[in-house]
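Here the structure comes first, spelled out in structure tokens, and everything after it is commentary.
The values are calculated or read from the model by the stated rules, or taken from the named source; none is laboratory data. Values in this document were obtained by computation on a predicted structure and should not be read as measured data. Every residue, glycine among them, receives a Cβ derived from its backbone with ideal geometry; neighbour counts consider all protein chains shown. Side chains are part of the model used for accessible areas, which takes the heavy atoms of the whole protein and leaves out ligands, DNA and RNA. Shrake-Rupley method; radii C 1.70, N 1.55, O 1.52, S 1.80 Å.
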Amino acid sequence: MPLLKSWVESANTPDTDFPLNNLPYGAFITDEGETHCGVAIGDMILDVTALEEAGILMASDEEDEVFFFGDWTEFMAMGPAVWDAYRKGLTGLLSEDNGDAPELVPFLVPQVGTKLVMPFAVSEYTDFYAGKHHATNVGTMFRGAENALPPNWLSIPIGYNGRASSVVVSGTDVRRPWGQLKGPNDDMPRFAPCARFDLELEMGAIVGTSSEGMVSVQQADDMIFGYVLLNDWSARDIQAWEYQPLGPFQAKATATSVSPWIVTKAALESFRTSTPERERDLLPYLQEPGPMLYDVELEVTLAPEGKDATTIARTNYNEMYYSAAQQLCHHSTSGCPMNTGDLLGSGTISGPEKENRGSLLELSWGGKEPLTLDTGETRNFLEDGDTLTLKGHAQGDGFRIGFGSCEGKILPANEKPHA
């Protein structure tokens, strides 16, 4: 598919994240202090809450104010037929062939200087461990190469239920957490700020329509509304002491950052690709009816406070061993209901080479091989004042489908809580 031309000129450049081919969904604060739904187009935001109020573009035939509350949750629950029809309406309004374009100019807001907020209400959050390179690297560090992958890893998407309450939008500062720590030479644990704070480069899949009972991989794919970049902030030293026997708990509860624009599945359709060849056949319920992954280039930068950023990792979403549709399908096997607004973290996305590793745990090999930044400083793990930025895009013919950025700055730990 070639670049689709818009009357919004900034959407027609090859380096924009938001051409007419994309049309991602977000939410922003207006000059009047209200929260509105918006669609990114070039360097502008189309105010779709205002379009709805004016009766220009409606999501519902019943004239309900779907965007009144300033997020996309109600729209997501309306299902794929509504999603497709609304996207076609938006494409028509923003196409260069629209003769009524001058009437729409007042509904455009510059992205620069506009505060973006969470675009949907997170119902529940599940994080997976579905990147083979990441799982192999971490397993090798802690169990040796011969036992790197757990016996079940090649057969089942492993995950855990996280905290929806601590999912935050890009630009939100992240406070270094306190927790129980116990080093290898300590007789007893101690309560202290995390010393091995880390990032995890992930993608997040957003569930649009709810379910009851088990769904197939195809049904799961149909339920997915769109995707965001996701940083699963991780306290490695807290995790090391707490994770046996039930897995991560407080180590993963500090924050999960997501990019502010939801890139719809429709925008990514031409970038579908297959999961890797299997070393072991999956059980029939997990087998894919077609390509369920996406070719999305990803990168991470780290900027010490007041200094330039260094790109510390580059990888691709196509490295995942399990797709979001497979993860969602497996999540439903127990009869667990899936809800509108459920967020599924892919698991850390790492590739085969060192520069493809999506966490500092891997990049510094557990702190044994410090990473040198362009500034000359080194990092084993994150330091106070560091800003982490995740970026991603799918590259088309003369255009790209971008996600914007997912950014967070590390603040020092608070004073020790009172006893």
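How many residues does region 267-282 hold that are in contact with a Phe, Trp or Tyr (Cβ under 8 Å, 6 or more places away or on another chain) and among the hydroxyl-bearing types (Ser, Thr, Tyr)?
Kept after step one, since they are in contact with a Phe, Trp or Tyr (Cβ under 8 Å, 6 or more places away or on another chain), are these residues of region 267-282: 268, 271-273, 275-276.
Still in the running and among the hydroxyl-bearing types (Ser, Thr, Tyr): 273, 275.
Summing the residues that are in contact with a Phe, Trp or Tyr (Cβ under 8 Å, 6 or more places away or on another chain) and among the hydroxyl-bearing types (Ser, Thr, Tyr) in region 267-282 gives 2.
Residue 382 meets each of the listed conditions (1) in contact with a Gly (Cβ under 8 Å, 6 or more places away or on another chain); (2) part of a loop (DSSP other than H, G, I, E, B); (3) of a type in the set (A, V, I, L, M); (4) over 16 Å from residue 294 (Cβ atoms) apart from (1).
Is there a residue being part of a strand (DSSP E or B), open to solvent by 40 Å² or more (accessible area, probe 1.4 Å) and in contact with a strand residue (DSSP E or B) (Cβ under 7 Å, 6 or more places away or on another chain) anywhere in region 122-132? Taking every residue of region 122-132 in turn, none turns out to be part of a strand (DSSP E or B), open to solvent by 40 Å² or more (accessible area, probe 1.4 Å) and in contact with a strand residue (DSSP E or B) (Cβ under 7 Å, 6 or more places away or on another chain). Applying the set (1) open to solvent by less than 10 Å² (accessible area, probe 1.4 Å); (2) without any contact (Cβ under 8 Å) to a residue 40 or more places away in the chain; (3) of a type in the set (A, V, I, L, M, F, W, C) to residue 246 leaves exactly one unmet item: (1).
Please count how many residues of region 91-121 are in a loop (DSSP other than H, G, I, E, B) and open to solvent by 40 Å² or more (accessible area, probe 1.4 Å).
First pass over region 91-121, keeping only residues in a loop (DSSP other than H, G, I, E, B): 96-100, 111-115, 118-121.
This time we only want the ones that are open to solvent by 40 Å² or more (accessible area, probe 1.4 Å), so: 96-97, 99-100, 111-113, 115, 118, 121.
Adding up the residues that qualify gives 10.
In region 319-336, the residue that is nearest to residue 77 (Cα to Cα) out of those that are open to solvent by less than 10 Å² (accessible area, probe 1.4 Å) and in a loop (DSSP other than H, G, I, E, B) is 332.
Every test in (1) among the aliphatic types (A, V, I, L, M); (2) open to solvent by less than 50 Å² (accessible area, probe 1.4 Å); (3) out of contact with any Pro (no Cβ under 8 Å at 6 or more places or on another chain) is passed by residue 309 save one, and that test is (2). Please indicate, with yes or no, whether at least one residue in region 337-347 is of a type in the set (A, V, I, L, M), out of contact with any Phe, Trp or Tyr (no Cβ under 6 Å at 6 or more places or on another chain) and either buried (at least 24 other Cβ atoms within 10 Å of the Cβ) or on the phi < 0 side of the Ramachandran plot (or both). Checked against the condition, which is being of a type in the set (A, V, I, L, M), out of contact with any Phe, Trp or Tyr (no Cβ under 6 Å at 6 or more places or on another chain) and either buried (at least 24 other Cβ atoms within 10 Å of the Cβ) or on the phi < 0 side of the Ramachandran plot (or both), region 337-347 yields at least one hit. Report, ordered by the first and then the second residue, all pairs with beta carbons closer than 6 Å, sequence separation of six or more or different chains, a first member in region 306-319 that is at pLDDT 95 or above, and a second member that is part of a loop (DSSP other than H, G, I, E, B) and among the acidic types (Asp, Glu). Listed pairs, sorted by first residue: 310/374; 318/295.
Close Cβ contacts (under 7 Å, 6 or more residues apart or on different chains) running from residues in region 275-304 that are in contact (Cβ under 8 Å) with a residue 12 or more places away in the chain to residues that are assigned to a loop (DSSP other than H, G, I, E, B) and open to solvent by 60 Å² or more (accessible area, probe 1.4 Å) comprise 291/274; 293/274. Can you tell me which residues in region 249-273 are open to solvent by 50 Å² or more (accessible area, probe 1.4 Å) and either touching a Ser or Thr at 6+ places or on another chain (Cβ under 9 Å) or among the acidic types (Asp, Glu) (or both)? Scanning region 249-273 gives a single hit, 269. Applying the set (1) surrounded by 15 or more Cβ atoms within 10 Å (Cβ to Cβ); (2) assigned to a helix (DSSP H, G or I); (3) over 22 Å from the mean Cα position of the chain (by Cα) to residue 88 leaves exactly one unmet item: (1).
Residues in region 381-419 that are more than 30 Å from residue 43 (Cβ to Cβ) and buried (at least 20 other Cβ atoms within 10 Å of the Cβ): 381, 382. In the condition set (1) closer than 19 Å to residue 338 by Cβ; (2) surrounded by fewer than 19 Cβ atoms within 10 Å (Cβ to Cβ), residue 191 is compliant with all but (1).
Contact map, region 329-348: first residue free of Cβ contacts under 8 Å to residues at least 24 places away in the same chain and hydroxyl-bearing (Ser, Thr, Tyr), second residue in a helix (DSSP H, G or I) and surrounded by 23 or more Cβ atoms within 10 Å (Cβ to Cβ), Cβ cut-off under 7 Å, separation 6 or more or different chains; the map is empty. Quick check on region 144-163: of everything there that is touching a residue at least 40 places away in the same chain (Cβ under 8 Å) and outside any loop (DSSP other than H, G, I, E, B), which residue is surrounded by the fewest Cβ atoms within 10 Å (Cβ to Cβ)? The extreme case among them is 160. Is one or more of the residues making up region 355-367 assigned to a loop (DSSP other than H, G, I, E, B) and either surrounded by fewer than 13 Cβ atoms within 10 Å (Cβ to Cβ) or free of Cβ contacts under 8 Å to residues at least 60 places away in the same chain (or both)? Within region 355-367, one or more residues are assigned to a loop (DSSP other than H, G, I, E, B) and either surrounded by fewer than 13 Cβ atoms within 10 Å (Cβ to Cβ) or free of Cβ contacts under 8 Å to residues at least 60 places away in the same chain (or both).
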